[in-house]
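The values are calculated or read from the model by the stated rules, or taken from the named source; none is laboratory data. The structure displayed is predicted, hence computed values, not measured ones. Cβ placement follows ideal geometry from the backbone for every residue including glycine, while neighbour counts extend to all protein chains displayed. Just so you know, the surface numbers come from the protein's heavy atoms only, side chains and all, with ligands and any DNA or RNA stripped out. Shrake-Rupley method; radii C 1.70, N 1.55, O 1.52, S 1.80 Å.
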Amino acid sequence: MAAIPFSSYEALKDEECEQRIRDARAALKDNVLILGHHYQREAVYQFADQTGDSLQLSRLASKAKAPYIVFCGVHFMAEVADMLTATSQKVILPDLAAGCSMADMANLVTVERAWKELNEVLKADEVVLPITYINSAADLKAFCGRHGGTVCTSTNAQAVLTWALAERQKVLFFPDQHLGRNTAVRMGIPLEDMVVWNYTQPMGGLTPEKIKKARIFLWQGHCSVHQLFLPEHIQRYKQKYPDAKVISHPECSYEVCELSDAIGSTDFIIRTVKQSPKGSRWLVGTELNLVSRLAKEVLPEEKIVDFMAPMVCQCSTMYRIDLPHLAWVLDNLLESNVVNQIIVPEAVQKEALLALDRMYQIS
Ligand code: SF4
């Protein structure tokens, strides 16, 4: 049967979509697993069978038995899920436009050009190890795989960077400069040993001397959500609540992380706040959906959780996954139609898995 078009779902009310999702879930039984990222909007998150951050979701995907995995996250996460599941399993991203603006700041053309330019000054393959944050396209993971490099997440970045600097003298870290810088600083590496690689400029905007001297090349990429948190947000909050604790995601700027009491992945943030003493107060620097959900969950223990920025900071790309798209992909599965399947080509997958396997061994 031909796939049901999405246009018939656009005008549906939320309650109608929810009912369709419930009905489809009940009929599909164990044939479908819905995975949901912590940044997902509440309306969709409530339907996730399992939730987590990028690393947790990749592990959950690798253990999944269901023939269909509906991934309520963004494109690169669905790619990782496709690579870690059996060929017979199909990974579905409800809206193909759910990308990641940070991941889009590096692509194979710009990274290969950077590698070539590094090779003009250094023997890059001997002295530079490429690390890509998991927030990147599969072909960049494959690039790392074939150049002896690996992948990291915000949970294991320190272990991965430590391993990389034991393997080679220098590291090319992409696409998030902040995770690279914040991790290296926590390892005791001075800021002077790091340079920003401006991928819009020849030679990253650096001189050969700077390239030879640097230990870590930080790709000039960032997360559009986490860059909105500023040191003054923390300073103002601390003036009002001097006993409050500040916890931030390492995709925040160096200055924000320096003023924070704790830095870590979304999973770390959730655990730390949940395990904190009754009555504690937290200022949290990460995506709004996660912070609002956490605030509600810990309220019965009289814990106060506040969002770091005065403006709304949502992951607008993840926000594309909504009730109509979820209802649409599930209804299509009921009719044996797989829409929006994410498939990583075999050749890319082979090399990307090399890089991912190295990451799992390290962490
Ligand atoms: Fe990408 Fe930032 Fe959204 Fe995470 S929050 S998926 S890094 S744009």
Point to revise | Set K116/K212; K238/K278; K90/K296; K141/K213; K123/K213 screened for pairs whose C-alpha atoms are more than 24 Å apart | key: K90/K296; K141/K213
Study note, to complete from the structure: Between E167 and K116, the FRET efficiency computed from the C-beta separation at R0 = 25 Å comes out, to the nearest 0.05, as 0.75
**Study point:** By accessible area with a 1.4 Å probe, ligands and nucleic acids excluded, highest first: order of M77, M187
**Key:** M187, M77
Point to revise | Distant-in-sequence amide H partners of L129 (H built 1.01 Å from N, under 5 Å) | key: K170, V171, L172
Review point. Which of the chymotrypsin sites (Phe, Trp or Tyr not before Pro) across region 23-72 are loop residues per DSSP, with 12 or fewer other Cβ within 10 Å?
Key: none
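Which residues make up the longest stretch of the chain that has no trypsin sites (Lys or Arg not before Pro) in a DSSP loop with at most 12 other Cβ atoms within 10 Å?
124-277
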**Study point:** Share of carbon and sulfur in the accessible heavy-atom surface of region 103-223 [1.4 Å probe, %]
**Key:** 50
Check your understanding: Roughly how many nanometres apart are two label points built 7 Å out from the Cα toward the Cβ at E15 and S62?
Key -> 4.4
Check your understanding: Can you run phi through the Karplus equation (6.51, -1.76, 1.60; θ = phi - 60°) for region 70-78 and list ³J(HN,Hα) in whole Hz, with x for Gly and Pro?
Key -> 9, 9, 8, x, 10, 3, 5, 5, 5
**Study point:** Choice from L323, L122, L218 with maximal GNM fluctuation in the chain (Cα, 10 Å cutoff)
**Key:** L122
Practice item. Calculate for the chain the 222 nm mean residue ellipticity that helices alone would give, adding -39,500 (n - 2.57) per DSSP H run of length 4 or more and normalising by residue count, nearest 500 deg cm²/dmol. Key: -12500 deg cm²/dmol
**Study point:** Relative contact order for the chain, counting Cα pairs under 8 Å that sit 6 or more residues apart, in percent
**Key:** 24
Study note, to complete from the structure: Label model pair D261, T207: point-to-point distance (7 angstrom along the Cα→beta-carbon line) in nm is 4.5
Review point. Hey, what do the phi angles of region 228-243 turn into as Karplus ³J(HN,Hα) couplings, whole Hz, using 6.51/-1.76/1.60 and θ = phi - 60°, x for Gly and Pro?
Key: 7, 7, 10, x, 5, 4, 6, 4, 4, 5, 5, 5, 6, 10, x, 8
Check your understanding: In debye, nearest 20: dipole of the chain around its Cα centre with unit charges on the Cβ of K, R (+) and D, E (-)?
Key -> 820
Check your understanding: So what is the accessible area of the chain per residue, in Å², with the probe set to 1.4 Å?
Key -> 43
Review point. Taking amide hydrogens as modeled 1.01 Å from N in the peptide plane, which residues meet the under 5 Å criterion relative to V91, leaving out close sequence neighbours?
Key: I69, I342
Revision key, fill the gap. Share of accessible surface on carbon and sulfur in region 300-363, whole %, 1.4 Å probe and ligands ignored, is 51
Review point. What residues qualify as long-range amide H neighbours of M308, i.e. H under 5 Å apart, gap of 5 or more or another chain, H built at 1.01 Å from N?
Key: V284, T286
Review point. Looking at region 1-93, which GluC sites (Glu not before Pro) are DSSP coil and have at most 13 other C-beta atoms within 10 Å of their C-beta?
Key: E10
Study note, to complete from the structure: Between E297 and V127, Cβ-based FRET efficiency (R0 56 Å, step 0.05) works out to 0.75
Point to revise | Inter-probe distance in nm under a simple model that places probes 7 Å from Cα toward Cβ, at N31 and D193 | key: 5.5
